[in-house]
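Novice: Let me begin by handing over the structure; questions about it come next.
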Amino acid sequence: MSRREDDVTQPIVVVVDDNAGVLAAAVKVLKHLDVHVMATTDAYEALDWLSTRDVAVVVSDYEMPRMNGAELLSAARRQQPAAVRILMTGMQALETAVDAINRGEIFRYVQKPFDASQMRAIVDEAVTRHRELEQEHPGITGVTRDGEGVYVVPDVCNSDAVRILGLDHARVD
C-alpha cells in the first residue's frame with residue numbers, strides 16, 4: 001500500500017496522548033498552522049497511520065499505557081526516518097528525555113503543560129525541518145513500503161542501484 005493513501009496536500013502532523021484533554025488542547029493549538037492534524041489516544045493507531053501516510057511530524061506523550069513515547073518515537077523513526085519526532089511529557093526526570101533522545105532521536109522535548117505559542121513554534125519548526133530533509137535528500141519522504149513496512153523497490157533497477165543496495169541480480173529480475 002502506498003503511503004499516499006490520503007490526498008492531503010498539507011503536511012501531516014500526528015499527535016498522540018492518552019489524555020483526551022491534553023490531546024484536544026494540542027489539536028486546538030496546532031489547527032492554526034497550515035498542517036493536517038491527526039490525533040489519537042492510541043500509540044498503535046498512530047503506527048498504523050505511519051504505515052499508510054507520509055507523516056511530516058509525530059508529537060507523542062511519554063507516559064502512555066501499552067507503549068511509552070520513547071518506544072513509539074523509536075518505532076516511528078524505523079517506519080519513517082524523515083518524520084520529525086517531538087516528545088511531550090509532564091515528567092521532569094532527566095532519564096525520560098535521555099531515553100527518548102537515544103531511542104527515538106527526537107527533534108524537541110516539550111514540557112507539559114505546554115505553552116500554546118511555544119508548541120505551535122516547535123511544530124512549525126519541525127515541519128520546516130521535514131521540508132529541508134526532502135530538499136537535501138529528494139524522495140526521502142516519499143519512499144513506498146508494503147503493508148509489512150518493507151521498502152518497495154521499483155521494478156526497473158539499474159546495475160549501480162543493485163550493487164549499492166547489495167542485492168544480487170537474480171533477486172531483482
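Rule-based calculations on the coordinates, nothing more; no lab input. Everything numeric here is computed off the predicted structure, so don't read it as measured data. Because the Cβ atoms are built from the backbone with ideal geometry, glycine has one as well, and the counts that use them run over all protein chains shown.
Novice: Per 0.36 nm of contour for each residue apart, how much would the distance between residue 44 and residue 105 grow if the chain were fully extended, relative to their Cα-Cα spacing?
Specialist: So the extension gain works out to 20.0 nm.
Novice: Moving on. How do the peptides 117-123, 20-26, 55-61 rank, highest first, by the average count of neighbouring beta carbon atoms within 10 Å per residue?
Specialist: The most tightly packed comes first, giving 55-61, 117-123, 20-26.
Novice: Moving on to the next point. Based on other C-beta atoms within 10 Å, arrange 73, 47 from fewest to most.
Specialist: 47, 73
Novice: By counting other Cβ atoms within 10 Å of each Cβ, how are 62, 109, 44 ranked from fewest to most?
Specialist: Least crowded to most crowded, the residues run 44, 109, 62.
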